[in-house]
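This report concerns only the one structure given below.
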Amino acid sequence: MQATQYLGKIIKELNGTADLIAAEEAEKLVNGILEAKKIFVAGAGRSGFMSKSFAMRMMHMGLDAYVVGETITPNLEQDDILIIGSGSGETRSLVSMAEKAKSLGATVALVTIFPESTIGQLADITVKLPGSPKDQSDNGYKTIQPMGSLFEQTLLLFYDAIILRCMEKKGLDSNTMFKRHANLE
């Protein structure tokens, strides 16, 4: 099969994910973001890359958003939200972050394949995304892609959809956001 044919199959898989995400869970996340004083995002590996891109778009909207682990990340406080993207919801470093955030009285949100996971049990807001775990064990969702690729791609697109909903609620458009785009490139 040619690469372009694989691309078509990947897009078909992604098209099937949108209808499997609960709108009310997504709306809770939108509201949690817009009500928070500061927004922190975290994820490991490729999920972490998706989280960084999410933080960037929130910054473009004028929200006070940070990536956990960066040198300029401030302290998390009670009126803040920590958003974790984790397919398994079991990554030890992310579990520790969720526990710490809870102990400080912040809101914890998890976007995951497994809402019943350790982080899911700690979370105030949980959004379940379709996808297969990295070990490709059977969870009822099939993909041709390796490891957690479908989850990670869906995570990025879901985060972009959350951005669009936040933009709508704040009355922002792309031109408004572009004013905050980096200019020291």
**Message:** Charges on Cβ only, +1 for Lys and Arg, -1 for Asp and Glu, centred on the Cα centroid of the chain; of Leu156, Val30, Gly105, which one is farthest towards the dipole's positive end?
**Reply:** Leu156
**Fill in**
Expected sort for 153-166, 2-15 on mean C-beta neighbours within 10 Å, highest first, is 153-166, 2-15
**Request:** Starting from the Cα of Glu185, step 7 Å along the direction of its Cβ; do the same at Lys28; then give the gap between the two resulting points in nm.
**Result:** 3.7
**Request:** Taking amide H positions as placed in the peptide plane 1.01 Å from N, state which residues far from Tyr66 in sequence (5 or more) or on other chains have amide H under 5 Å from it.
**Result:** Ile39, Phe40, Val41
**Asked** Taking every eigenvalue of the Cα gyration tensor of the stretch 1-106, multiplying by 5 and rooting it, what semi-axes result, largest first, whole Å?
**Response** 29, 16, 15
**Prompt:** So for the stretch 39-96, taking the charge dipole from beta-carbon charges (+1 Lys/Arg, -1 Asp/Glu), which of Gly62, Gly48, Thr73 sits furthest toward the positive end?
**Reply:** Gly48
**Message:** Let me confirm the definition first: pairs of Lys residues in the stretch 1-130, 8 or more apart or on different chains, C-alpha distance under 24 Å. How many are there?
**Reply:** 20
**Prompt:** Taking 0.36 nm per intervening residue step and subtracting the Cα-Cα distance, what contour gain separates Met177 from Lys37 on full extension?
**Reply:** 48.5 nm
**Fill in**
Placing each pseudo-label 7 Å from Cα in the direction of the beta carbon, Lys170 and Gln2 end up separated by a distance in nanometres of 4.2
**Prompt:** Could you work out the helix-only [θ] at 222 nm for the chain, with each DSSP H run of four or more residues adding -39,500 (n - 2.57) and the total divided by the number of residues, to the nearest 500 deg cm²/dmol?
**Reply:** -14500 deg cm²/dmol
**Prompt:** Fully extended, how many nm does the chain gain between Leu20 and Ile72 (0.36 nm per residue separation, minus their Cα-Cα distance)?
**Reply:** 15.1 nm
**Prompt:** So who's got an amide H within less than 5 Å of the one on Val127, skipping anything under 5 residues away but keeping other chains? H placed 1.01 Å off N, in plane.
**Reply:** Leu110, Val111, Thr112
**Asked** About its Cα centre, how strong a charge dipole does the stretch 39-172 have in debye, to the nearest 20, once Lys and Arg get +1 and Asp and Glu get -1 at the Cβ?
**Response** 280
**In range of the label at Ala161: residues from the stretch 72-114 whose backbone nitrogen is under 17 Å from the point 7 Å along Cα→Cβ** = 85-87, 110-114
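Readers should treat all values here as calculations from the given coordinates under stated rules, not as data from a laboratory. Since the structure is predicted, the reported quantities are computational estimates derived from the model, not experimental observations. Note that we place each Cβ from the backbone using ideal geometry, even for glycine, and neighbour counts take in every protein chain shown.
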